[in-house]
Amino acid sequence: MSPRKVRLAFVVEGRGERHAIRTLAARIAGHDCSHLVVSCANGAGKIYSDLEGELDKVVTACLPLHIIVLADSRDLVRTKKRSCVALREELSQRANNWILKAQQLGSPVESVKIVLVVQQFETWLLADFGVFRENVRLKGSQSSYLGWGRIDDDLPNPLDWLKANLHPRERAKDVNRGKTILSQADLELLQQRSHSFSVFVRAVKAVSPLY
């Protein structure tokens, strides 16, 4: 069977993102996105070291016009000793070079958008803290919640915050939590509090409708 044509496909770094991304895209685009192809790279480091291979995986599975690559910035910035802006520019240039080669081989792909989440995917889950709190159990009072404004800057390590504040029976990494929270969160509020989320929203809207 030949790969099917789709308007948009995603490369994400983990299972939590893979579970959540279609639901989130559907809320942004305003229609069903269950048909979208989502490829899991198993880590931001894998996306950085083998971006071209991960894009090749997508065009083997389907024939997308557009691809959005979503990866956490925190560990990449720390391990590569480079700024988020510099990393995004490098990955974007590599993606553009890949597009030229893919098109020469007959791929219909027109664009690859690199979205680096500042700091981690969990940043987006915590941005609407009211919805987050309704869906998880926390330890005692939420005294360590400081009323984040720009959460990208105010919470430098969201995963550590989760480990310190979640009830012992709650896992910091829960593959279903993202889908649950992002299906309910106020997306306007998330855009106000997280610049990287607003970048993601614009990337999805730029290629909508997605059918």
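Tabulated data for the structure shown
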| read-out | value |
| --- | --- |
| DSSP-defined beta bridges in the chain - what % are antiparallel, rounded to 5 | 5 |
| Over the chain - Rg/Rh using Cα atoms and the Kirkwood inverse-distance radius | 0.97 |
| At R0 = 35 Å, FRET efficiency that the Cβ-Cβ distance of residue 188 and residue 211 yields, to 0.05 | 0.90 |
| Carbon/sulfur fraction of accessible area - the range 1-131, other protein chains in place, 1.4 Å, % | 50 |
| About the Cα centre, charge dipole magnitude for the chain (Lys/Arg +1, Asp/Glu -1 at Cβ), debye | 300 |
| Added length on full extension, which subtracts the Cα-Cα distance from 0.36 nm per residue, residue 164 to residue 93 | 21.8 nm |
| 5 angstrom amide H check on residue 38, placed H, neighbours 5+ away | 10 |
| Dipole of the range 1-144, positive direction: furthest Cα of 119, 58, 37, with charges on the beta-carbon | 119 |
| The range 143-184 pair-distance distribution - Cα-Cα, 5 Å bins, rounded % | 5, 20, 22, 28, 22, 3 |
| In nm, spacing of pseudo-spin labels at residue 65 and residue 173 (7 Å Cα→C-beta vector) | 3.6 |
| Sparsely packed trypsin sites (Lys or Arg not before Pro) within the range 111-195, loop by DSSP, other Cβ within 10 Å at most 16 | 137, 139, 150, 169, 171, 173 |
| Kirkwood hydrodynamic radius over Cα pairs of the range 46-96, then Stokes diffusion coefficient at 10 °C and 1.306 mPa s, in µm²/s | 134 |
| Cβ-derived FRET efficiency at R0 30 Å, residue 2 paired with residue 111, nearest 0.05 | 0.85 |
| Rg/Rh ratio calculated on Cα atoms of the range 36-155 (Kirkwood radius) | 1.07 |
| Pairs beyond 20 Å (Cα-Cα), from 173/205; 5/113; 113/173; 139/163 | 173/205; 113/173 |
| Acute angle (nearest 10 degrees) that the helix 84-104 long axis makes with the longest principal axis of the chain, alpha-carbon atoms | 30 |
| Those aspartates and glutamates that a straight Cα-Cα span of less than 16 Å connects to residue 81, excepting residues fewer than 8 apart in one chain | 72, 89, 90 |
| With all protein chains modelled, accessible area of residue 180 [1.4 Å, Å²] | 60 |
| Residues of the range 149-211: accessible area per residue with a 1.4 Å probe, Å² | 52 |
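The values are calculated or read from the model by the stated rules, or taken from the named source; none is laboratory data. Predicted model only: the values in this text are computed from it and were never measured. Cβ: placed from backbone, ideal geometry, glycine included. Neighbour counts: every protein chain shown. Note: accessible area is taken over every heavy atom of the protein model, side chains too, but ligands, DNA and RNA are not part of it. Shrake-Rupley method; radii C 1.70, N 1.55, O 1.52, S 1.80 Å.
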